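The structure appears right after this line, and notes come after that.
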Amino acid sequence: MAAFRKYGTCFFEQYAKISLSEILGSSFVDLENRDRPDLQSPDRKSIGIEVTRAMEQNKEAAASLLKEMSGIRPRNDDEEDEMARIVENGYGFGLQEGRYIGIRELPYWSMALPLKRILQSKVSKAGNGFYGTFDRLGLYVFCKDDLTDEKVRKTLRYVMDLQKFQDIRYNRLYLSEVSNLYVCNLDDGLSPDSRIIRFPILPEQRSHFYLEALRLHI
C-alpha cells in the first residue's frame, strides 16, 4: 500500500507540472519534483507549488473509486493502444469525465480530505514556514468532483480569509478537475472579477497529460 501511495503521488505531481507548463507557459517547464513543496524551480526560490487532492469522504465517493475501468470506449486503434497502456499501469483518473480511478491511484485518493479541511491544513503549514519562502508560492488541488464557478469563487475567498494575517501566503491557487483548470490569483489589490481564469482541458489534452506523466514514472 505504501509503495502505491508514493508512486501515485509522484504521478499526480508530474501531471500538475505538465498541465501548468502546457496551459500557462514556459515558466513551469523546469519545475522539479522535490519535497516541501512538491514542485520547485531549480533555484529553489522563484516558484514553489504544493500538490494535493480533495474529495468527499462518503459512501458514494468510495464506491466511485472502486469502479472498474470498463466502459472506456476508444474511438480508434491509436486511442485503444493508449488506453491499454493506462489500464496496464493502473492509472485512469479523469477518464470518462472523472468517473474512473485506477488501482494505483486508489490509495492516493482514499487518504484525501474534503476540500475545506485540506485547504485549512495547507494554508496553516505555509504560514508556519513548512514550505519555506518563494517568490511565488502556489497550491495545486486535484478535485475529483465537478467544480462550479460559484464554488471556485467561494474557495478563493476562503483561502484568502484563512491566510490574510500570515506573513507567508500562497500567491496562486490551482483547482484542477477533469475538464477544467481554474487559476486563482490570491495577491492583494485585485478586483474580484479579475482573480479567476478558467482553462478548459480538452479530451486530447487529458490523454496527453496522463500519458506523459505515466511515461515519467513507469
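Which of the peptides 159-171, 16-28, 184-196 is most tightly packed, and how do the rest follow, going by the mean number of other Cβ atoms within 10 Å of each residue? Before the final figure, lay out the partial values.
Working: 159-171: 15.9, 16-28: 18.0, 184-196: 11.8.
Sorting 159-171, 16-28, 184-196 by mean packing, highest first, produces 16-28, 159-171, 184-196.
Length gained on full extension, T148 to S191: 13.5 nm, using 0.36 nm per residue less the C-alpha separation.
For the range 133-163, the set of chymotrypsin sites (Phe, Trp or Tyr not before Pro) satisfying both a DSSP loop assignment and a count of at most 14 other C-beta atoms within 10 Å is empty. Of the cross-linked pairs K17/K151; K116/K154; K122/K151; K17/K116, those separated by over 21 Å at the C-alpha level are K17/K151; K17/K116.
When the chain is fully extended, how far beyond the present Cα-Cα distance does E204 get from S124, taking 0.36 nm per residue of separation? If you can, show how the numbers build up before the last one.
Values: separation 80, 0.36 × 80 = 28.80 nm, distance 3.66 nm.
Net length gain for the segment: 25.1 nm.
We did not get these values from a lab; they are worked out from the coordinates using the rules stated. Everything numeric in this text was worked out from a predicted model, so none of it was measured. Note that we place each Cβ from the backbone using ideal geometry, even for glycine, and neighbour counts take in every protein chain shown.
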